[in-house]
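The values are calculated or read from the model by the stated rules, or taken from the named source; none is laboratory data. Everything quoted here is computed from the prediction, not taken from an experiment. No Cβ is skipped: glycine too gets one built from the backbone with ideal geometry, and neighbour counts run over all protein chains shown. All accessible areas refer to the heavy atoms of the entire protein, side chains included, with ligands and DNA or RNA removed. Shrake-Rupley method; radii C 1.70, N 1.55, O 1.52, S 1.80 Å.
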Amino acid sequence: MTNGLHLGKAIALGYLVPLDHSKLPNFAANAAPKVKNPTWDPNNTYTLPWTVGLTGIAYNPKYVDEVKSIQDLWNPKYKGKVGMMADAQEIANFGMFSLGIDPDKSTEADWKKAGAKLQEQRDAGLVRKYYENDYVDALARGDVWITMAWSGDIFQQVAKGKDLKFVVPEEGGTIWTDNMCIPKTAQNPVDALTLMDYVY
């Protein structure tokens with residue numbers, strides 16, 4: 001399971017087996033239209049979504065007032081307590097959102113503007129660290145007070161009783177999918193297809 005950016009590489013390099021959609025009737029019948037035919041895998045040739053979520057902002061209400069805007073990640077009062085993602089696609093999207101640019105319609109020039117905006121944030125000493133999934137623990141501990149976040153991670157923490165908040169900022173957030181696929185080296189591809197269909 002992985003995201004579209006990495007899957008695009010796997011597809012281009014020929015690492016994945018095309019899916020036999022005749023063995024995936026539940027996907028055809030039950031999958032939401034939004035997850036069918038993604039731009040990076042037309043007609044779900046190689047992949048099916050496993051789960052869908054949002055990238056937004058999480059914060060610890062003990063230290064941070066209500067968050068509505070992506071600009072809060074650039075707020076000087078959170079200097080050294082901001083977490084940003086190490087994922088190039090995710091952080092670039094947030095740089096673009098902060099400038100009012102739609103990442104889906106972005107140009108190379110837009111990416112450069114986003115890079116400059118993110119560098120400004122780093123150079124101001126606002127960012128404590130660029131995180132992988134470990135941002136969740138840092139937020140719960142109070143190492144960071146506000147951070148880019150994946151909805152599922154924060155949902156799990158709240159379910160465990162942690163007092164954390166998640167918001168999609170007014171400028172926007174990203175919708176992502178983790179995906180199922182079958183590598184060419186799979187020993188039981190029919191079993192994998194059966195599982196994929198069962199999920200739906």
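Charge tally around PRO189: other residues with Cβ under 15 Å, Lys/Arg +1 each, Asp/Glu -1 each, net -1. Here, the stretch 43-121 has an Rg and a Dmax of 14.9, 47 Å when only alpha carbons are counted. Applying the Karplus relation 6.51 cos²θ - 1.76 cosθ + 1.60 with θ = phi - 60° to the stretch 65-81 yields 3J(HN,Hα) values of 6, 3, 9, 10, 10, 5, 4, 4, 6, 10, 6, x, 6, 9, 3, x, 10 Hz, where x marks Gly and Pro.
Taking the DSSP beta bridges with both ends in the stretch 57-200, the antiparallel portion is around 50 percent. In deg cm²/dmol and to the nearest 500, what is the mean residue ellipticity at 222 nm of the chain if only DSSP H runs of at least 4 residues count, each as -39500 (n - 2.57), divided by the residue total? Rounded to the nearest 500, the figure is -10000 deg cm²/dmol. Just round it to a whole percent: the fraction of Cα-Cα distances in the chain exceeding 20 Å. Of the Cα pairs, 61 percent sit more than 20 Å apart. In the context of the full set of protein chains, residues of the chain present 55 Å² of accessible surface per residue (probe radius 1.4 Å, heavy atoms only). Candidate cross-link partners of LYS165 among the lysines, defined by an alpha-carbon separation under 21 Å and a same-chain spacing of 8 or more, comprise LYS62, LYS68, LYS77, LYS79, LYS81, LYS129.
Taking the Cα centre of each part, how many Å lie between the stretch 121-200 and the stretch 10-36? Their Cα centres are 22 Å away from one another. Nonpolar atom fraction for the chain, defined as the carbon and sulfur part of the 1.4 Å probe accessible area, stands at 53 percent.
The alpha-carbon of LYS23 sits under 20 angstrom from the alpha-carbons of these aspartates and glutamates, leaving out residues fewer than 8 places away in its chain: ASP41, ASP191, ASP197.
Assuming charge only on the beta carbon of Lys and Arg (+1) and of Asp and Glu (-1), the dipole of the chain about its Cα centre is about 300 debye to the nearest 20. Using Cα positions and a limit of under 16 Å, work out the lysines in reach of LYS105, with same-chain residues fewer than 8 apart set aside. Excluding near neighbours in sequence, the set is LYS113.
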